[in-house]
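What follows is a set of notes on a single structure, which appears directly below.
The values are calculated or read from the model by the stated rules, or taken from the named source; none is laboratory data. The model shown is predicted, which means the values in this text are computed figures rather than measured ones. Note: ideal-geometry Cβ built from the backbone for every residue, glycine included; neighbour counts use all protein chains shown. Just so you know, the surface numbers come from the protein's heavy atoms only, side chains and all, with ligands and any DNA or RNA stripped out. Shrake-Rupley method; radii C 1.70, N 1.55, O 1.52, S 1.80 Å.
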Amino acid sequence: MESTMPFFQHAHFQGAKSQTVDTIEEFEIEFPNQLNVPFIPSPVVVASYDPTNDQIHASIIVFLPTAVDLPEFHVHGLFNINPAGLEQLQFFVVTDYPETTISQTFKGYRFDFKANREMLPTGVHFNQIVTIQGFLWNKDPKTSRGTVTTVIHSA
């Protein structure tokens, strides 16, 4: 189900660049062994480098309890150096929901986009990016989650 869902908007926070999202897809998934405590699954992140267009394509899937109705999302990106000293992009899917929500069933929201060139410092190119971190950033950090993936470069 591809759409431009009405809850998607852009916003700005210091040092970050808003991302233009090509596709947002929504689906439902159940984790039947979930404990009776607030829990959010970590995001799923896939990223690849397209050498023909010198572009990084990324997909991030974040999960929210099905009880959270029509969330509003903002997607932002930052460039940084990871702990190993390598170039990295960070993408934040920002939303706000109550941390006390307990659920075994979640809605997954998939965001497909190309990284914004404006986020790179002068002299850094997309072919140098080694990893991408993807975050679901809730206003309450107790239920914020993140994961790291390696950027797939063609052989």
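Checking Ala58 against (1) small (Gly, Ala, Ser); (2) out of contact with any Gly (no Cβ under 8 Å at 6 or more places or on another chain); (3) open to solvent by less than 60 Å² (accessible area, probe 1.4 Å), only one condition comes out false. Which one?
(2)
Within the range 35-44, is even one residue open to solvent by less than 30 Å² (accessible area, probe 1.4 Å), assigned to a strand (DSSP E or B) and modelled with pLDDT of 90 or more?
Residues of the range 35-44 that are open to solvent by less than 30 Å² (accessible area, probe 1.4 Å), as a first pass: 40-41, 43.
Narrowing the set further to residues that are assigned to a strand (DSSP E or B) leaves none.
Scanning the range 35-44, I find no residue that is open to solvent by less than 30 Å² (accessible area, probe 1.4 Å), assigned to a strand (DSSP E or B) and modelled with pLDDT of 90 or more, so the answer is no.
Taking Phe91 as the residue in question, decide whether it is touching a Gly at 6+ places or on another chain (Cβ under 6 Å), outside any loop (DSSP other than H, G, I, E, B) and either among the β-branched types (Val, Ile, Thr) or under 22 Å from His153 (Cα atoms) (or both).
Working: touching a Gly at 6+ places or on another chain (Cβ under 6 Å): yes; outside any loop (DSSP other than H, G, I, E, B): yes; either among the β-branched types (Val, Ile, Thr) or under 22 Å from His153 (Cα atoms) (or both): yes.
Yes, satisfied.
Just to check your reading of the model, which residue among Leu70, Leu89 is over 18 Å from Thr147 (Cα atoms) and out of contact with any Pro (no Cβ under 7 Å at 6 or more places or on another chain)? Spell out how you get there, then give the answer.
Values: Leu89 fails: over 18 Å from Thr147 (Cα atoms).
So the residue among Leu70, Leu89 that is over 18 Å from Thr147 (Cα atoms) and out of contact with any Pro (no Cβ under 7 Å at 6 or more places or on another chain) is Leu70.
Given (1) out of contact with any His (no Cβ under 8 Å at 6 or more places or on another chain); (2) at pLDDT 85 or above, where does Phe91 come up short, assuming only one miss?
Just one mismatch for Phe91, condition (1).
What's the number of the condition Gly123 fails, among (1) without any contact (Cβ under 8 Å) to a residue 60 or more places away in the chain; (2) of a type in the set (Gly, Ala, Ser); (3) part of a strand (DSSP E or B)?
(3)
Filtering the range 134-146 down to residues that are surrounded by 15 or more Cβ atoms within 10 Å (Cβ to Cβ) and either at pLDDT below 90 or among the hydroxyl-bearing types (Ser, Thr, Tyr) (or both), which residue is nearest to Thr52 (Cα to Cα)? Give the steps one after another, and end with the answer.
Initially, the range 134-146 is screened for residues surrounded by 15 or more Cβ atoms within 10 Å (Cβ to Cβ), giving 134-138, 143-146.
Cutting the leftovers down to either at pLDDT below 90 or among the hydroxyl-bearing types (Ser, Thr, Tyr) (or both) gives us 137-138, 143-146.
Numbers: Trp137: 32, Asn138: 36, Thr143: 38, Ser144: 35, Arg145: 33, Gly146: 30 Å.
Only one residue fits best here, namely Gly146.
Any residue at all in the range 126-148 that's closer than 22 Å to Glu30 by Cβ, of a type outside the set (S, T, N, Q) and part of a loop (DSSP other than H, G, I, E, B)?
No: zero hits.
Looking at the structure I just gave you, is Thr100 open to solvent by less than 30 Å² (accessible area, probe 1.4 Å) and polar (S, T, N, Q)? Talk me through it step by step, then tell me what you get.
Details: open to solvent by less than 30 Å² (accessible area, probe 1.4 Å): no; polar (S, T, N, Q): yes.
Taking the combined requirement at face value, the residue does not satisfy it.
Which condition breaks for Tyr109 when tested against (1) open to solvent by less than 30 Å² (accessible area, probe 1.4 Å); (2) modelled with pLDDT under 85; (3) not charged (D, E, K, R)?
(2)
Condition check ((1) touching a residue at least 24 places away in the same chain (Cβ under 8 Å); (2) surrounded by fewer than 20 Cβ atoms within 10 Å (Cβ to Cβ); (3) in contact with a helix residue (DSSP H, G or I) (Cβ under 8 Å, 6 or more places away or on another chain)) across all residues:
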{"residue": "Val46", "(1), (2), (3)": "yes, yes, no"}
{"residue": "Pro51", "(1), (2), (3)": "yes, yes, yes"}
{"residue": "Val62", "(1), (2), (3)": "yes, no, no"}
{"residue": "Leu70", "(1), (2), (3)": "yes, yes, no"}
{"residue": "Asn80", "(1), (2), (3)": "no, yes, no"}
{"residue": "Pro83", "(1), (2), (3)": "no, yes, no"}
{"residue": "Leu86", "(1), (2), (3)": "yes, yes, no"}
